[in-house]
Amino acid sequence: MLRFLVKKLLLALTTLIAVSVVTFGLFFAVPNNPAELMCGDSKNVCSPERIAMIERRMGLDKPIVTQYGDFMRGIFVGRTIGSGPTARECPAPCLGFSFRNDEPVTEIVARTLPVTLSIVFGAAVVWLVLGVSIGMASALRRGTALDKLAVGTSLVGASMPILLFGPLLLIVLVYETGLLTYPRYTPITEDPVAWASAMILPWFALGFLNSATYARLSRAQMLETLSEDFIRTARAKGLPKLAVYGRHALRAAITPIITIAGLDLGAYLGGTVITETVFGFTGLGKTALNAALNLDMPIVMATVLLAAVFVVTANVLVDVLYAVVDPRVRLG
Amino acid sequence: MAAPKASADTPADGPYLRVRDLRVRFRTEDGVVRAVDGVSFAVERGRTLGIVGESGSGKSVTSLAVLGLHDPRRTEVSGEIWVGGRNIVGLPEAEIRRLRGRDIAMIFQDPLSALHPYYPVGRQIAEAYRIHHPEANRHAAHRRAVEMLDRVGIPQPARRAEQYPHEFSGGMRQRAMIAMALVNDPALLIADEPTTALDVTVQAQILDLLADLQQEFHSAIILITHDLGVVSQVADDVLVMYAGRAVEHGSVEQVLRQPQHPYTWGLLSSVPSLHGDPNADLLPIPGNPPSLINIPPGCAFHPRCRYADHTGTRSYREVPELRPVAGTNHLVACHLPEEERRRRYAEEIARVGVAR
Ligand SMILES: Nc1ncnc2c1ncn2[C@@H]1O[C@H](COP(=O)(O)OP(=O)(O)OP(=O)(O)O)[C@@H](O)[C@H]1O
Ligand code: SF4
Ligand SMILES: [Mg+2]
């Protein structure tokens, strides 16, 4: 177990380093000087001296490798950014300052990450509960009207983009009927009720659409499991239906679903750009997108790294979980 | 104590299981599959019936019908299945369920896929016990499971009970399956190709074990197999199935020593004999078993039968009835006159394959 964990963690670490190097490299491969961008649009204000000053202040005058090293070191021990009179202290975990408005990136993350976490975890509950129960029910009632309805609906749901479904929900539930108000994010620590009511729309939109995928997956898994020999054995023992389905079929069918849910969760935590944009939330995804458009390097680095951390962590957790659930998986 | 077993109502002399004119049909997208078409047989406690036939002849479908395991939404089961004096065809699921695992138990071909991969073996056996012994607590059921593992010859049963199926060898796994099937002391055990997935030495051990346990528990056994050697070793009676129908039925002595059906001849002469040239003296059956959606008219075996022409056009038009060989209870479904069957067997078949 320990060996397995160490191996997994080393692999995870390597992945993260690779992601950071590539992101960093790509950023500098783009032929834009962020200092020029920051300095302003009008050419007359931006004298070469001013640009040089900005570069010094941001630490952009150093070689790329040094910059990369500084950035990574800052995450763990903090650092001083820039040199000369404009140098600033940035305590660990230092992710730098926004090129645009000098806001510490840690603060930006602290502000936007909870938004994404709220959306994703809430929606995940919706899609897991809804998707898995619909999928299972439809597998058990295979061929009935209920099954056909579920299969049809989930086909539509799985092929519907949130870019379409989100605005549709807004039009119907907010603009036309006024059943809901346009969501405005409130931190859960301030007002849990306001937080939850702002989340209803994104939870439903993302949760419902993903539940379609999960319903299809669960149905297929359950049908496959029900045709397994060990299910026939369970029935031949004289077990009642409920025990056959619950203890024997569900246990085997749910394992791959948990795995995929874990990986999905990891991927979504990195940001749900479209959902955030459609419902006007400034989460991690939208922040990352804006930063990329603005060539705001420290934010891009931070959000990409964070997303990678989520994905990699989810991978490790899923592997461990799988080994715990399925006794055939050997660790090591 | 659990509810009294159905066997309590059986008259002491009648067979424990009596199947009459069993028909099983599946509705599928391609058409109706007539998997079993009018099969009758009986098994007494303490005796073993071997069911043989090529792949797809309806052996497993027959045994699943006896357990009432067919999905009623897609399957039509008719005829009579008397288990311990009760006809279970058409019985509500809840009633049949109480018979399963308690009065009738089943073991399957591949014990690895037939055991749940996520639960320890002992727990799966204990579960089979507790369903029919609700008064038994977890501890007692576990003790019973370990006891059964010991009984079927698994060393260190207490430790083995905690292990998962994948940690067992093939033979040990099948022993565990047998332990699970016998945990409630069933009156009827159906073994569907219990040794096919095992190598020969292990096969023999498992068959010995089944014979021992039959002595001890005095159960009726249905043994389904492709292997005529296995049948001759352990069965008392044999039912030969072809395309969902019984073509020959009688004691082992009758069916294997004086077979009267060309299909049985084919089965016998396609198995190499242990004495003699393994290739030269074989007469395999040409062609393949028919689709059970389109069963050939008349005798279903006629497209593959060397003697089909010997009966005029009868073999092509008329389904042969299962009739007793004069003066015996040996049943054969073939239009060939008995005289000719005897002669042909003696002259053409008896020298070939295991028939020797
Ligand atoms: N649930 C089902 N739906 C449709 N057809 C089925 C079903 N179960 C079995 N069959 C068909 O019924 C026929 C008989 O199958 P069965 O499993 O009884 O054969 P078998 O004699 O046990 O063969 P084998 O030696 O390969 O196990 C086969 O053609 C099979 O395809
Ligand atoms: S009835 Fe005719 S076709 Fe069928 S086995 Fe007998 S001889 Fe062959
Ligand atoms: Mg079979």
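What to note about this one:
- The one condition in (1) away from chain A (no Cβ under 14 Å); (2) surrounded by 14 or more Cβ atoms within 10 Å (Cβ to Cβ); (3) closer than 18 Å to B:I222 by Cβ that B:R34 fails to fulfil: (3)
- Considering residues of the range B:226-249 that are among the small types (G, A, S) and away from ligand 2 (no atom under 16 Å from the Cβ) only, the residue modelled with the lowest pLDDT: B:G229
- Unmet criterion (only one of (1) open to solvent by 50 Å² or more (accessible area, probe 1.4 Å); (2) assigned to a strand (DSSP E or B)) for B:F41: (1)
- Considered as a group, the residues in the range B:143-172 that are within 12 Å of chain A (Cβ to nearest Cβ) and part of a helix (DSSP H, G or I) include one that is least open to solvent (accessible area, probe 1.4 Å), and that residue is B:P165.
- Checking each residue in the range B:311-328 for being within 8 Å of ligand 2 (Cβ to nearest atom) and either out of contact with any helix residue (DSSP H, G or I) (no Cβ under 7 Å at 6 or more places or on another chain) or of a type in the set (D, E, K, R) (or both) picks out B:T311, B:R314, B:P320.
- Matching residues, the range B:168-214, being among the charged types (D, E, K, R) and within 16 Å of ligand 1 (Cβ to nearest atom): B:D192, B:E193
- In the range A:235-265, the residue that is surrounded by the fewest Cβ atoms within 10 Å (Cβ to Cβ) out of those that are outside any helix (DSSP H, G or I) and not hydrophobic (A, V, I, L, M, F, W, C) is A:P240.
- Count of residues meeting criterion [within 12 Å of ligand 1 (Cβ to nearest atom), in contact with a strand residue (DSSP E or B) (Cβ under 7 Å, 6 or more places away or on another chain) and not small (G, A, S)] in the range B:31-65: 11
- For beta carbons closer than 6 Å, sequence separation of 6+ or different chains, a first residue in the range B:175-197 that is within 16 Å of B:F217 (Cβ to Cβ) and a second that is within 16 Å of ligand 3 (Cβ to nearest atom) and not aliphatic (A, V, I, L, M), the qualifying pairs are B:M177/B:P111; B:I190/B:S63.
- The range B:291-309, subset open to solvent by 80 Å² or more (accessible area, probe 1.4 Å) and not basic (K, R), residue farthest from B:A246 (Cα to Cα): B:D309
- Residue within the range A:39-55 that is of a type in the set (K, R) and within 32 Å of the chain's Cα centre (by Cα) present: no
- If only residues of the range A:274-299 that are at pLDDT below 90 and of a type in the set (A, V, I, L, M, F, W, C) are counted, the one that is most open to solvent (accessible area, probe 1.4 Å) is A:L293.
- Boolean, B:G53 is surrounded by fewer than 24 Cβ atoms within 10 Å (Cβ to Cβ) and under 26 Å from B:E253 (Cβ atoms): no
- Leading residue by the ranking (nearest to ligand 1 (Cβ to nearest atom)) among those in the range B:217-234 that are in a helix (DSSP H, G or I) and open to solvent by 10 Å² or more (accessible area, probe 1.4 Å): B:L228
- Pick from the range B:337-356, criterion open to solvent by 50 Å² or more (accessible area, probe 1.4 Å) and modelled with pLDDT under 75, ranking: nearest to B:T311 (Cα to Cα): B:R351
- Among (1) under 28 Å from B:G46 (Cα atoms); (2) in contact (Cβ under 8 Å) with a residue 12 or more places away in the chain, the one test that B:P117 misses: (1)
- Residue within the range B:88-100 that is within 16 Å of ligand 3 (Cβ to nearest atom), open to solvent by less than 60 Å² (accessible area, probe 1.4 Å) and either assigned to a strand (DSSP E or B) or over 30 Å from A:T255 (Cβ atoms) (or both) present: no
- Test: residue in the range A:161-174 that is touching a Pro at 6+ places or on another chain (Cβ under 7 Å) and assigned to a helix (DSSP H, G or I): no
- All positions within the range A:74-114 that are more than 17 Å from A:E55 (Cβ to Cβ), in a helix (DSSP H, G or I) and not charged (D, E, K, R): A:G74, A:I75, A:F76, A:V77, A:V105, A:T106, A:I108, A:V109, A:A110, A:T112, A:L113, A:P114
- Residue check for B:V77: more than 13 Å from chain A (Cβ to nearest Cβ), crowded, with 19+ Cβ neighbours inside 10 Å and more than 16 Å from ligand 3 (Cβ to nearest atom): yes
- Given (1) over 25 Å from A:W195 (Cβ atoms); (2) without any contact (Cβ under 8 Å) to a residue 40 or more places away in the chain, number of the condition A:V273 does not satisfy: (1)
- Screening B:R123, B:R130 for residues that are closer than 12 Å to B:A176 by Cα, assigned to a helix (DSSP H, G or I) and out of contact with any His (no Cβ under 6 Å at 6 or more places or on another chain) leaves exactly one candidate, B:R123.
Yes or no, residue by residue, for (1) away from ligand 3 (no atom under 15 Å from the Cβ); (2) open to solvent by less than 10 Å² (accessible area, probe 1.4 Å):
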{"residue": "B:A187", "(1), (2)": "yes, yes"}
{"residue": "B:P194", "(1), (2)": "no, yes"}
{"residue": "B:A211", "(1), (2)": "yes, no"}
{"residue": "B:Q215", "(1), (2)": "yes, no"}
{"residue": "B:D236", "(1), (2)": "yes, no"}
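- When the range A:1-23 is filtered for residues that are under 24 Å from the mean Cα position of the chain (by Cα) and modelled with pLDDT under 85, only A:L5 remains.
- Failed item, numbered, when A:R232 is tested on (1) within 10 Å of another protein chain (Cβ to nearest Cβ); (2) open to solvent by less than 10 Å² (accessible area, probe 1.4 Å); (3) more than 26 Å from A:V324 (Cβ to Cβ): (2)
The values are calculated or read from the model by the stated rules, or taken from the named source; none is laboratory data. Keep in mind that what you see is a predicted model, and the values were worked out from it rather than measured. Note that we place each Cβ from the backbone using ideal geometry, even for glycine, and neighbour counts take in every protein chain shown. In case anyone asks, the SASA skips ligands and DNA or RNA and just uses the protein heavy atoms, side chains included. Shrake-Rupley method; radii C 1.70, N 1.55, O 1.52, S 1.80 Å.
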